[in-house]
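**Q** Shown below is the structure under consideration.
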Amino acid sequence: MKLFIDTANIDEIKEATKLGLIDGITTNPTLIAREGKEFMQIVKEICEIIDGPISLEAVSTKSKDMIKEAQGLAKIHSNVVVKIPMTREGLIATRQLAMEGIHVNMTLVFSPTQALLAAKTGAAYVSPFIGRLDDISHCGMDLVEQILTIYDNYDFDTEIIVASIRNPLHVLEAALIGADIATVPFKVIEQLIKHPLTDIGVERFLKDWEKVENK
Ligand code: E4P
């Protein structure tokens, strides 16, 4: 399973990439706004650090404007993937962008049939938001499972990015189901590393090592 980081914070991106595990990145307007910096400045820095797909979101609402915006974003760097929302206008834009060879990450997907349409229009990635479904008492991971079945049934190449991840269990479930990608906030990446028994084990070994003579 590929691991993307879901953030626009440069310190987090730098720290996470040190692990050598980050395959790509997803951002969204909320994450960008949180940084209080210029959009292009953030994007430039991300492109210098991340060697893999970089999802940047288009904020236009009409297909014509989405296409124009996406073309502009795609020009920034060859790794740029344009996030387009799963709307009627978004589907029209995605079809056109796919024909132009621009990679689209169809975002804000909450149903398996939305994911089917996204794949049919030629989206390179689809992002089911599982945490937001869990928040309203719908099992987000059921959605991922259904999308996988549909994509397997028809051999769609669209890759599934499990998004809106809130905790390590979400990552575990995504991996068990066989999702292509999980996009994970920095905090959760740190949680994935940690286990109290590992810490206790390291401490005990170091203490015992002190007792060894003639090291
Ligand atoms: C993914 O592409 C989105 O940026 C993100 O996962 C949304 O997560 P949230 O529901 O925690 O805002």
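Taken together, the values in this text are just the output of simple stated rules run on the coordinates, not laboratory data. Quantities reported herein were computed from a predicted structural model and do not represent experimental measurements. FYI the Cβ positions are ideal-geometry reconstructions off the backbone, even for glycines, and counts take in every protein chain you see.
**Q** Output the relative contact order of the chain, whole-number percent, from Cα pairs under 8 angstrom with separation of 6+ residues.
**A** Values: 361 pairs, mean separation 37.2, N = 215.
Relative contact order here is 17 percent.
**Q** I would also like to ask the following. If each residue of separation counts as 0.36 nm, what is the full-extension length gain between residue 1 and residue 35 once their alpha-carbon separation is subtracted?
**A** Numbers: separation 34, 0.36 × 34 = 12.24 nm, distance 2.83 nm.
Once the chain is fully extended between residue 1 and residue 35, it gains 9.4 nm.
**Q** In nm, what is the difference between 0.36 nm times the number of residues separating residue 134 and residue 146 and their Cα-Cα distance?
**A** On the way: separation 12, 0.36 × 12 = 4.32 nm, distance 1.56 nm.
Length gained between residue 134 and residue 146: 2.8 nm.
**Q** Take 88, 132 and order them by how many other Cβ atoms sit within 10 Å, fewest up front. Don't skip to the answer; put the middle values down first.
**A** Details: 88 9, 132 15.
Ordered from fewest to most neighbouring Cβ atoms within 10 Å, 88, 132 come out as 88, 132.
**Q** Per the helix-only calculation at 222 nm, which mean residue ellipticity applies to the chain, given -39500 (n - 2.57) for every DSSP H run of n ≥ 4 and division by its residues, nearest 500 deg cm²/dmol? Please report the intermediate quantities before stating the final value.
**A** On the way: 11 runs with 117 residues, N = 215.
Mean residue ellipticity at 222 nm (helix-derived): -16500 deg cm²/dmol.
**Q** Can you list the chymotrypsin sites (Phe, Trp or Tyr not before Pro) in segment 121-186 that are in a DSSP coil and have 12 or fewer other beta carbons within 10 angstrom?
**A** Numbers: sites: 125, 129, 151, 154, 156, 186; in loops: 156.
Nothing satisfies the criteria.
**Q** Right, here's the next one. State which stretch of the chain is the longest one without any exposed GluC sites (Glu not before Pro), exposure meaning a DSSP loop state and at most 14 other Cβ atoms within 10 Å. Don't jump to the answer; show the numbers that get you there.
**A** Numbers: sites that count: 38, 100, 213.
It works out to 101-212.
**Q** Now for a separate question. Summing Lys, Arg as +1 and Asp, Glu as -1, what charge do residues with Cβ under 15 Å from the Cβ of residue 67 carry, residue 67 excluded? Could the numbers behind the result be given before it?
**A** On the way: positive: 62, 64, 68, 75, 83, 88, 95; negative: 57, 65, 69, 89, 100.
Charge balance in the 15 Å sphere: +2.
**Q** For residue 14 and residue 154 in one chain, what is 0.36 nm times their gap in residues minus the Cα-Cα distance, to one decimal in nm? Intermediate results must be reported in sequence, preceding the final value.
**A** On the way: separation 140, 0.36 × 140 = 50.40 nm, distance 3.84 nm.
Stretched out fully, the residue 14 to residue 154 stretch lengthens by 46.6 nm.
**Q** For segment 2-213, go through all pairs of different Cα atoms, get the mean of 1/r, take its inverse, and jot down that Kirkwood value in Å.
**A** Values: mean 1/r = 0.0552 Å⁻¹.
Its Kirkwood hydrodynamic radius stands at 18.1 Å.
**Q** If Lys and Arg each add +1 and Asp and Glu each add -1, what is the summed charge of the other residues whose beta carbon sits under 11 Å from the beta carbon of residue 139?
**A** Numbers: positive: none; negative: 134, 142, 145, 173.
So the environment of residue 139 carries a net charge of -4.
**Q** In the structure displayed, which of 14/62; 37/75; 187/211 lie more than 28 Å apart, Cα to Cα? Don't jump to the answer; show the numbers that get you there.
**A** Details: 14/62 35 Å; 37/75 21 Å; 187/211 37 Å.
14/62; 187/211, as the Cα separations exceed 28 Å there.
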